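**Q** Here it is, the structure, as structure tokens.
Where a number appears in this text, it was derived from the coordinates with a stated rule and is not lab data. Predicted model only: the values in this text are computed from it and were never measured. Glycine gets a Cβ as well: all are built from the backbone with ideal geometry, and neighbour counts include every protein chain shown.
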Ligand SMILES: Nc1ncnc2c1ncn2[C@@H]1O[C@H](COP(=O)(O)OP(=O)(O)O)[C@@H](O)[C@H]1O
Ligand SMILES: [Mg+2]
């Protein structure tokens, strides 16, 4: 089918508007982060600041213990990632490849947990953590997510697709089950593991709710909580500083997205497409 | 071969323990707390039976919270899905241009809600915000988006839709691409008009994806917290207070642990119903195939 | 090297019907034994029981003079070549061959030497660092062989290893496997559903049906002396013609041996036209229904008053002819009882001599 030229142009204009609706806010964010405070308070707003005020980033960074927030964020995201691989891989392997009593009961438990959001159980978990002295610690942010029901579910699907013959060949090669899992199954599930890893890392890097609720002091706070608190600085809102802080939070994710767009989209749309 | 018998249990144990300790036990603990009165500091928890639930249901503020939550959820899901449906039909094409647009549209989904909340707070700033500037370009009055009880909830819905829509669009596109081409070829031979083709082929074939999105959308919206906590704190005049924020407020600010737990139990009931519905329809679908 | 014995072995999957029932099987040390039978008859199950990949429901498995029921698959001294090769896709060819050696805790330097030796033998040296996906079907097959050989097992097991190859390559691999067996002198157990493959490769053939052994013998023995109707049918292309007793009696007179219910003969033993005056035989006048020319031989489907059957002839095809006379020599007849078991007879079990029959034909 041939489309006429005016229609084509109309289509492209439509696409540009669409991109603008979703990308402009980020450009606006960056633009604001480089303005003086005065420049944020003009109407109609300015898109390009007269002078690029890079100091805004330094001010944002210095307005709180941001190095600590940043380190906490890294430790929590990476810690969760490591713990999840340790717990998810064997569980998924067992559910995919063994027959055992209570397997169905235990797997139902996994499925039920998949449907329990953090927002439902934060209050009792908070009380537990406070009893166990884990409030305000990184453990309190890591341990509840030390495994992932979704991860087990997804990896189990992948493991189930590995042909039985391959495992039999390995058994005849006198391989232990653990070695079968690590040397044959895990390498074959690499795309799934990358997907899961990206999904988890981004989710927990971005998470605001859990660290907000489970910390009461700066010691275990993560970047999103720190950034959210920039707002309370000096009464009025300094939008330029605030946006600078958010640029710091968003840029790493946007960079990862730029390089691994395919993987990330796959990671986030997996459940719906399956 | 003795150890082989225990191996699967050994393999699933770490995950199962985490689930039991951090997800399953808390549910029961919360139910237990909901029957008690407790302020977190005092050593005693007083048993009050259904007292907390009675208080909740007779509290006009709580009823408003439920109403806000339902409104927020309903409109967020409705707009997200219908707009995503339109966009997916438009964007379901090959080529770098479309994959770029798809990526751009999806990008809000992977950004921290903290940044999204603050960014939109700034965009919706009544005096210097971008949105009012856009309105002024087409000659409209400034709107006090987030500061007026009449518009605050709608503003939060706009933000949620903006965030969701890219994700929804990509899911629907995946659904569209899984429709067998021969169905359309048959329709083309019959000279079926486009809208009929949509109604008779596309829409029914998409219904599993749309159903999935509806449930995911509801589950996601019903637990909204971040934007409210950062932007409105439930205000102005309680107009944006929703269930999870209400639980948080009562538990962490007013220390009404039992009362907050009771609200949590209500959320649990809602989520359970939705989950059961989801699995029921899902298993039926599998059955029919 | 080792001989293998199954003693009263039964196998059922879950609570289903038994797939193998009370099987007794002896496989001689150093033999090339082929298990053959229709798909689903339990060949793979038998193999997998021997390899230890499947537990038995009852019975004993002996390898050499060791009872191996509770010995792990990797410790039975068995190597297996799978139908789909089952190469580890994430490992290089070297990794595939080395994996078993690694698990046997063989030192690295020695491993390297062994892998390179084997690679030399199967002609894979230049592919050692490639991934299996980048190899052709034949090359993958050779990797699978190398992986099996490098462990120097007592027994090789093959489960339809050639069924994924095209006809030409299959022929070539057959020869290579036969040569390999000669060179190694190890016990080979080979599963196939293709009787031609079985006949051409094995020095011992085990024919299975529905989990039972129908016959175990050398290839020529199985062909010339089938133990029952199933084997007679299964071995030989086209399969043996079976006529019912009553139809044959119309032509020959009463069959004296009570046990006999069916009479069979091979399509290649029926003679057409020229030999119509053969001394003793059943003579039938037939009508050709269809004809297939296969070059050196011709296959006819013919109709007679004794029923339809096939004839294989090495003469020039009879293009024009419709009506033919066919003689089946008496000494090429096989007799079976109601159960389909072979009935062995001393003499020709007909009341009336063949003379009379000839008379009828001559009229
Ligand atoms: N894992 C299994 N579970 C249940 N039944 C099986 C299983 N494997 C094989 N069978 C059944 O056992 C019978 C024999 O199978 P198999 O040994 O694979 O046959 P063959 O290799 O001769 O084709 C078949 O009827 C098959 O359906
Ligand atoms: Mg088989």
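**Q** Does anything in the stretch A:216-230 have its amide N under 18 Å from the 7 Å Cα→Cβ label point of residue A:78, and if so which residues?
**A** A:220-224
**Q** How high is the relative contact order of chain C, in percent, with contacts defined as C-alpha pairs under 8 Å that are six or more residues apart?
**A** Relative contact order, chain C: 16 percent.
**Q** Also, quick follow-up: Report the label-to-label distance for residue C:303 and residue A:13 in nanometres (one decimal), using points 7 Å from each Cα along the Cα→Cβ vector.
**A** Reported label-point gap for residue C:303 and residue A:13 is 8.0 nm.
**Q** Need the full-extension length gain, residue B:89 to residue B:4, defined as separation in residues times 0.36 nm minus the C-alpha distance. One decimal, nm.
**A** 25.3 nm
**Q** Please give the residues of the stretch C:140-154, grouped as numeric ranges, whose backbone N is less than 17 Å from a label point set 7 Å along the Cα-to-Cβ vector of residue C:123.
**A** Only C:140-147 pass the distance filter.
**Q** So what does log10 I(q)/I(0) come out to for the stretch C:247-343 at q = 0.14, 0.24 Å⁻¹, using the Debye formula with one equal point on every Cα and no solvent?
**A** With one equal scatterer per Cα and no solvent, log10 I(q)/I(0) is -0.53, -1.32.
**Q** Still on this model: Shape verdict for the stretch A:158-274, please, from the Cα gyration tensor: rounded (a/c under 1.5), prolate (a/b greater than b/c) or oblate.
**A** prolate
**Q** Quote the FRET efficiency, to the nearest 0.05, computed for residue B:99 versus residue B:184 with a Förster distance R0 of 25 Å and r equal to the Cβ-Cβ distance.
**A** So, using R0 = 25 Å, E works out to roughly 0.70.
**Q** Let me ask you something else. Averaging the inverse of every distinct alpha carbon separation and then flipping it gives the Kirkwood radius. What is it for the stretch C:4-233, in angstrom units?
**A** Its Kirkwood hydrodynamic radius stands at 18.3 Å.
**Q** Per residue of A:7-18, how many C-beta atoms from partner chains lie within 10 Å of its own C-beta, taken as a mean?
**A** 2
**Q** Taking the alpha-carbon set of the stretch A:61-135, what are its Rg and Dmax in Å?
**A** 17.5, 57
**Q** Report the Rg/Rh value for the stretch B:63-112, based on alpha-carbon coordinates and the Kirkwood definition of Rh.
**A** Ratio of gyration radius to Kirkwood radius: 1.17.
**Q** Now for a separate question. Please give the direction-averaged projected area of the C-alpha convex hull for the stretch A:5-57, in square nanometres with one decimal.
**A** 4.8
**Q** State the Cα centre-to-centre distance between the stretch B:1-46 and the stretch A:90-116 in whole Å.
**A** Their Cα centres are 17 Å away from one another.
**Q** Measure off 7 Å from each Cα along the Cα-to-Cβ vector at residue C:332 and residue B:138, then give the distance between these two points in nanometres to one decimal.
**A** Calculated label separation equals 9.4 nm.
**Q** Evaluate the distance, in nm, between pseudo-label points positioned 7 Å from the Cα of residue C:296 and of residue B:24 along their respective Cα→Cβ axes.
**A** It works out to 7.1 nm between the two label points.
**Q** Can you give the Kirkwood hydrodynamic radius for the stretch C:87-134, in Å, rounded to one decimal and based on Cα pairs?
**A** About 10.8 Å, per the Kirkwood formula over Cα pairs.
**Q** Determine the gain in length on full extension of the stretch residue C:246-residue C:104; use 0.36 nm per residue of separation and subtract their C-alpha separation, reporting nm with one decimal.
**A** Extra length available between residue C:246 and residue C:104 comes to 44.7 nm.
**Q** Let me ask something else about it. Using the count of nearby Cβ atoms within 10 Å as a rough guide to exposure, how do A:194, C:27 rank from fewest to most?
**A** Least crowded to most crowded, the residues run A:194, C:27.
**Q** Now for a separate question. Averaged over all directions, how much area does the convex hull of the C-alpha atoms of the stretch A:97-194 cover when projected, in nm²?
**A** That works out to 8.5 nm², a quarter of the Cα hull's surface.
**Q** In the Gaussian network model of chain B, springs joining C-alpha atoms below 10 Å, which of B:216, B:201, B:66 carries the largest mean-square fluctuation?
**A** B:201
**Q** Another question, then. Suppose we keep just the DSSP beta bridges with both residues in the protein assembly as shown; what percent of those would be antiparallel, to 5?
**A** 75
**Q** Order of B:196, A:156, C:142, C:147 from fewest to most other C-beta atoms within 10 Å?
**A** Lowest to highest Cβ neighbour count: B:196, A:156, C:142, C:147.
**Q** On to the next question. If R0 is 45 Å, what FRET efficiency do you get for residue C:254 and residue C:39 from their C-beta distance, rounded to 0.05?
**A** Using R0 = 45 Å, I get an efficiency of 0.65.
**Q** Considering every pair of different Cα atoms, what Kirkwood radius, in Å, is found for the protein assembly as shown?
**A** Answer for the protein assembly as shown: a Kirkwood hydrodynamic radius of 34.4 Å.
**Q** Take residue B:17, project a point 7 Å from its Cα along the Cβ direction, then tell me which residues of the stretch A:164-186 have their backbone nitrogen under 18 Å from it.
**A** The answer is none, because no backbone nitrogen lies closer than 18 Å to the label point.
**Q** Follow-up question, since we're still on this one. For chain B, report the convex hull volume of the alpha-carbon atoms normalised per residue, in Å³, without decimals.
**A** Hull volume over Cα atoms, normalised by residue count, gives 229 Å³.
**Q** Could you tell me which of rounded, prolate or oblate describes the stretch B:131-289, using a ≥ b ≥ c as the square roots of the eigenvalues of the alpha-carbon gyration tensor, with rounded for a/c under 1.5 and, failing that, prolate when a/b is larger than b/c and oblate otherwise?
**A** Oblate is the answer for the stretch B:131-289, as a/c is 1.5 or above yet b/c matches or exceeds a/b.
**Q** How well do other chains shield peptide A:89-99, expressed as the mean number of their Cβ atoms within 10 Å of each residue Cβ?
**A** Per residue, the average neighbour count from other chains is 4.
**Q** For the pair residue A:160 and residue C:345, what calculated FRET efficiency results from E = 1/(1 + (r/R0)^6), where r is the Cβ-Cβ distance and R0 = 51 Å, to the nearest 0.05?
**A** 0.30
**Q** Per the Debye formula with a single identical scatterer at each Cα and no solvent contribution, what log10 I(q)/I(0) holds for chain A at q = 0.13 Å⁻¹?
**A** The computed values of log10 I(q)/I(0) come out as -1.01.
**Q** Beta carbons within 10 angstrom, averaged per residue: use that to sort the peptides C:73-80, C:321-328, highest first.
**A** Per-residue mean Cβ counts within 10 Å order the peptides as C:73-80, C:321-328.
**Q** Can you show me the helix-derived [θ] at 222 nm for chain C, built from DSSP H runs with n ≥ 4 at -39,500 (n - 2.57) apiece and divided by the number of residues, rounded to the nearest 500.
**A** -8500 deg cm²/dmol
**Q** With both bridge residues required to lie in chain C, what share of the DSSP beta bridges run antiparallel, to the nearest 5%?
**A** The antiparallel proportion sits near 75 percent.
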